[in-house]
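> Take this structure first; my questions come after.
Bear in mind these aren't lab numbers, they're just calculated from the coordinates by the rules spelled out. Owing to the predicted nature of the structure, the values given are computational and were not obtained by experimental measurement. Cβ coordinates were reconstructed from backbone atoms using ideal geometry, including for glycine residues, and neighbour counts include every protein chain displayed.
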Amino acid sequence: MKALLIEDEKTLAYEIEAFLKKAFYICDLAHNARQGFEKLEDTQYDFVLLDLGLPDRDGFVLLEKGKKAHPETAFIIITARGNVDDRVRGLNMGADDYLTKPFSLLELEARMQAISRRKSGINTQLIDLGEFKVDIQKRMVSYGDVDIDLTRKEFDVLSYLLLHKNRVLTRLQLSEHIWGSFADDDFDSNYIDVHIKNLRKKLVAHAGVEWLETVRGVGYRIRK
Amino acid sequence: MKLSTKLTLFVSLSKLAIILVFVLALPFAVDYISSRYTDNVLRQQKKKVLREIKEKGVDYYLDGQESYGSYTLLREEFIALEPAESPVNLDTIATAKRIIEQDTLRYRILSHTFNAGGKRYVLEVARATSVMGQYSRPLQYFAFYALLALLALTVVVDLMVTHKLIQPLKAIISQKLVNQKFPFAARQEPIETSTEDFQYLDHSLILLMDQINEAFEKEREFTANASHELMTPISILQSKIENLMENTEVTDHVHQKLNELMRTLNRLKKIVNSLLLISRIDNEQFSRNDEVSVKPLITDIMEEISHRLEEKQISFSADFKHKIELQNVNADLLFQMFYNLINNAIKYNKPGGSITVRDEYKVDNYSVVIKDTGIGIPEEDLPSIFNRFKKSNLSEAGGYGLGLAIVKSIAGYHHIKLDVASAVGQGTTITVVFAEESVKG
């Protein structure tokens with residue numbers, strides 16, 4: 001997968017680049033709209049991560065022209081502009097997603113994967129998880145023929161961990177993904193623990209869940 | 001007391017005082033004027049007598065007698081002509097008593113010495129003082145009542161005129177002070193008046209309002225810009241920490257430290273986000289085109305928040321009796337407002353406590369009441385709970401004092417009135433009263 005990151009804040013750009021490379025993306029950088037246009041002319045990208053507040057041109061201009069030239073490319077807007085109008089405008093102009101800074105890199109990756117799934121057109125994508133099968137699209141977990149009844153939040157926790165398998169996710173990262181801006185504002189809460197506990201209880205009734213690990217003092221991980 | 005009433009009262013009282021002084025002084029004035037008039041008449045009569053004596057000789061009066069005297073029937077006037085005994089020449093007018101036919105009366109008497117036919121005579125022409133002051137009392141009464149009537153008339157005129165004069169002041173008070181809601185409209189219309197003082201007052205008020213608006217605008221701008229600027233460094237920090245956590249070489253201990261770092265950063269992020277949200281609401285960057293009922297909002301919130309209820313074993317009940325749809329609102333903001341209120345009701349509740357949410361509909365007033373059995377808010381804290389970064393001393397729980405500030409902003413944005421009733425140790429009841437125009441149908 002090839003991604004172009006257009007971001008004028010270089011320190012941030014390097015961090016995102018490092019993260020994406022680790023996640024096996026080929027990543028190009030542009031620090032202004034001009035460079036962005038040049039890169040877009042040369043290469044066909046799967047993803048364009050676009051900052052709206054660029055020094056030379058407004059990101060929307062790039063979005064409009066880029067989307068016209070590369071309708072297959074997924075454009076994700078990453079911006080500090082969080083107002084609803086910009087979000088609506090961006091999505092109306094063909095952006096595939098809109099992330100407000102500061103965002104979690106894990107969230108970015110999850111969004112990119114969601115777009116990939118959507119674009120690939122595969123409706124059922126069953127992922128093996130121990131002796132369970134997980135259907136991300138249909139939001140279902142099954143053991144053999146038995147569908148396991150999970151709450152929305154429980155499934156969100158499970159799928160986010162699965163998406164970032166072999167990675168320790170902190171309670172904070174999990175709760176931010178699940179509750180977004182309504183994430184706990186008292187950070188010593190153990191709400192995520194409650195959800196994990198319930199999740200384990202429901203799954204253990206069918207088979208072992210040794211793949212779901214608790215990392216002391218940090219968070220949780222699915223090892224696969 | 002109103003200024004116009006005060007002015008009229010003052011003017012009327014001073015007029016009344018002047019009238020009283022005038023009426024009381026009237027007899028003296030009348031006395032003075034009538035004595036001057038009498039003196040004049042006496043002098044005229046003296047001239048006439050002297051002229052006749054000159055023309056016709058003194059015998060015309062004396063008629064062969066030593067002296068001559070004559071008075072009117074009621075003895076109001078008399079004239080006397082006598083040979084002068086004293087060598088002093090007299091020409092005086094004085095008030096003195098005279099006895100005429102056993103009656104002692106006070107007279108104004110003109111005495112004049114003259115020579116006629118080789119002899120010196122004294123002429124006395126007099127008029128009774130009782131005649132002089134006879135109109136004084138009725139005049140006093142008449143003047144008093146006439147002036148009182150005039151006074152009443154002027155009071156009416158004064159009232160009308162002051163009312164008219166003070167009208168611009170009333171307009172300034174009602175338009176610029178009483179009926180102003182903050183933030184003020186950008187353009188304030190000056191009140192039309194020809195009174196310079198009012199023009200000055202009005203102008204000063206407009207200037208003051210502009211200054212307040214400007215200061216408020218600056219603060220809003222600052223909050224928006226500062227929050228916005230803070231987002232980029234926070235973003236960089238977050239990415240750096242996340243990348244570090246990905247690093248497999250990082251030991252568990254360091255991982256824990258990074259986790260703590262992340263939590264602190266998240267707290268900062270949350271504060272900045274809240275400030276940005278408030279400034280966006282205050283800058284009217286949210287639409288108000290949604291139609292929504294409160295009940296499904298509360299249901300959605302419960303779904304988000306139920307784990308917190310469970311944790312504290314708080315019972316929750318929602319009772320919505322009225323099928324009211326709200327219009328011209330922003331559903332997301334209302335969600336956020338109720339979320340924050342219910343979240344607070346949980347946060348400051350006691351384990352095993354309860355929260356009830358119900359609605360009320362009374363004569364065009366739709367309100368939602370959120371009642372908890374929490375720790376309550378001390379009375380002295382009540383006025384400031386909606387201020388930014390204000391936290392009750394009693395609260396040991398977390399929070400940044402921005403939750404209620406957001407609630408206040410959202411409420412203000414929707415013209416919602418918030419009533420808070422609280423008793424320490426017993427709980428808090430917050431009533432959200434929707435504006436009439438927000439209630440559909």
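> Using a 10 Å cut-off on Cβ to Cβ distances, tally the other chain neighbours for every residue of A:101-108 and report the average as a whole number.
Mean partner-chain Cβ count within 10 Å for A:101-108: 6.
> What relative contact order, as a whole-number percentage, does chain A give when Cα pairs under 8 Å and 6 or more residues apart are counted?
Working: 315 pairs, mean separation 28.2, N = 224.
Once divided by the residue count of chain A, the mean separation gives 13 percent.
> To continue, here is another question. Going by the alpha-carbon gyration tensor, a ≥ b ≥ c the square roots of its eigenvalues, is the stretch B:78-174 rounded (a/c under 1.5) or, if a/c is not under 1.5, prolate (a/b greater than b/c) versus oblate?
prolate
> So what's Rg/Rh here for the stretch B:290-438, counting alpha carbon atoms and using the Kirkwood radius for Rh?
Reported Rg/Rh (Cα atoms, Kirkwood Rh): 0.94.
> What shape does the stretch A:1-63 have by the C-alpha gyration tensor, where a ≥ b ≥ c are the square roots of the eigenvalues, rounded means a/c under 1.5, and otherwise prolate means a/b greater than b/c and oblate the rest?
It comes out oblate by the Cα gyration axes.
> Please give the charge dipole size of chain A, origin at the Cα centre, charges +1 on K and R Cβ atoms and -1 on D and E Cβ atoms. Round to the nearest 20 debye.
In total the dipole reaches around 540 debye.
> Could you work out, residue by residue across B:244-253, how many beta carbons of other chains sit within 10 Å of that residue's beta carbon, and then give the average as an integer?
Details: counts 1, 9, 9, 1, 1, 0, 1, 0, 5, 1.
Averaged over the peptide's residues, the number is 3.
> Based on the alpha-carbon gyration tensor of the stretch A:2-120 and its eigenvalue square roots a ≥ b ≥ c, which shape applies: rounded if a/c is under 1.5, prolate if not and a/b is larger than b/c, or oblate?
Note, shape of the stretch A:2-120 comes out rounded.
> Taking the simple approach of a point 7 Å from Cα along Cα-to-Cβ for both B:Thr72 and B:Thr356, what is their distance in nm?
Reported label-point gap for B:Thr72 and B:Thr356 is 10.1 nm.
> For the pair B:Glu101 and B:Leu20, what calculated FRET efficiency results from E = 1/(1 + (r/R0)^6), where r is the Cβ-Cβ distance and R0 = 35 Å, to the nearest 0.05?
E between B:Leu20 and B:Glu101, to the nearest 0.05, is 0.25.
> As a test of the definition: which semi-axes, in Å, follow for chain A when you take the square root of five times each eigenvalue of its alpha carbon gyration tensor? Largest first, please. If you can, show how the numbers build up before the last one.
Working: eigenvalues 243, 73, 47 Å².
With the √(5λ) rule applied to chain A, the semi-axes are 35, 19, 15 Å.
> Now, a different point. When the Cα atoms of the protein assembly as shown are enclosed in a convex hull and the volume is divided per residue, what value in Å³ results?
Convex hull of Cα atoms, per residue: 311 Å³.
> If you count the DSSP beta bridges with both ends in the protein assembly as shown, what percent of them are antiparallel, to the nearest 5? Walk me through the numbers before you get to the answer.
Numbers: 71 of 94 bridges.
Close to 75 percent.
> Within 10 Å of each Cβ of A:165-173, how many other protein chain Cβ atoms are there on average?
The shielding value for this peptide is 4.
> List the GluC sites (Glu not before Pro) within the stretch A:83-178 that fall in a DSSP loop (any state other than H, G, I, E or B) and whose Cβ has at most 16 other Cβ atoms within 10 Å.
Taking the stretch A:83-178 and a limit of 16 other Cβ atoms within 10 Å, the loop GluC sites (Glu not before Pro) found are A:Glu131.
> Given labels modelled 7 Å from the Cα in the Cβ direction, how far is it in nm from A:Asp147 to B:Lys440?
3.3
> For the stretch A:1-106, state which GluC sites (Glu not before Pro) are in a DSSP loop and have at most 11 other beta carbons lying within 10 Å of their beta carbon.
A:Glu72
> Nearest 500 deg cm²/dmol is fine: what mean residue ellipticity at 222 nm does chain B get from its DSSP H runs of n ≥ 4 alone, each adding -39,500 (n - 2.57), divided by its residue count?
My calculation for chain B gives -18500 deg cm²/dmol from helical runs alone.
> Then there's this: Can you list residues whose amide H is under 5 Å from A:Arg167's amide H, if they're 5+ apart or on another chain and H is modeled 1.01 Å from N?
A:Ile222
> So, with +1 on the Cβ of K and R and -1 on the Cβ of D and E, and no other charges, what is the size of the charge dipole of the protein assembly as shown about its Cα centre, to the nearest 20 debye?
Value, rounded to 20: 1480 debye.
> For the stretch B:39-149, with only Lys/Arg (+1) and Asp/Glu (-1) charged at the beta-carbon, what is the dipole magnitude about the Cα centre, in debye rounded to 20?
Details: 16 positive and 14 negative charges, 86 e Å.
For this selection, approximately 420 debye.
> Pairs B:Lys218/B:Lys408; B:Lys295/B:Lys347; A:Lys165/B:Lys312; B:Lys371/B:Lys440; B:Lys362/B:Lys408: which exceed 28 Å Cα-Cα?
The pairs that break the limit, which is 28 Å between Cα atoms, are A:Lys165/B:Lys312.
> Count the DSSP beta bridges whose two residues both fall in chain A, then state the antiparallel fraction as a percent rounded to the nearest 5. Let's see the in-between values first.
Values: 17 of 35 bridges.
Restricted to chain A, the bridges split so that about 50 percent are antiparallel.
> Another question, then. Would you be so kind as to identify which of A:Ala205, A:Phe155, A:Ile127 lies farthest towards the positive end of the dipole of the stretch A:126-222, taking Lys and Arg as +1 and Asp and Glu as -1 on Cβ and the Cα centre as origin?
Result: A:Ile127.
> Continuing with this model, one more query. Name the GluC sites (Glu not before Pro) in the stretch B:298-371 that are in a loop by DSSP and that have at most 15 other C-beta atoms within 10 Å, would you?
Counting only loop positions with at most 15 other Cβ atoms within 10 Å, the GluC sites (Glu not before Pro) in the stretch B:298-371 are B:Glu325.
> Near B:Lys46, which lysines are there with a Cα under 17 Å away, not counting those fewer than 8 places off in the same chain?
By straight Cα distance, B:Lys46 reaches B:Lys54, B:Lys56.
> Determine which lysines satisfy two conditions relative to B:Lys170: a Cα distance under 22 Å, and not lying fewer than 8 residues away in the same chain.
B:Lys2, B:Lys6, B:Lys181
> Give the long-range amide H neighbours of A:Ile77: residues separated by 5 or more places, or on another chain, with amide H under 5 Å away, using H modelled in the peptide plane at 1.01 Å from N.
The answer is A:Leu50, A:Asp96, A:Asp97, A:Tyr98, A:Leu99.
> Another one. Can you tell me which aspartates and glutamates have their Cα less than 13 Å from the Cα of A:Lys68? Leave out same-chain residues fewer than eight positions away.
A:Glu41
> Which pairs in the list B:Lys269/B:Lys323; A:Lys65/A:Lys101; A:Lys119/A:Lys153 are over 28 Å apart, alpha-carbon to alpha-carbon?
Going by Cα-Cα distance, B:Lys269/B:Lys323 fall outside the 28 Å limit.
> Now a separate question. For the ranges B:263-273, A:136-146, what's the packing order if you count other beta-carbon atoms within 10 Å of each residue, average per peptide, and put the highest first?
Packing order, densest peptide first, comes out as B:263-273, A:136-146.
> A further question on this structure: Going toward the positive end of the dipole of the protein assembly as shown, with +1 on Lys and Arg Cβ and -1 on Asp and Glu Cβ, which of B:Leu7, B:Ile18, B:Ile385 do you reach last?
Positive-end residue among those listed: B:Ile18.
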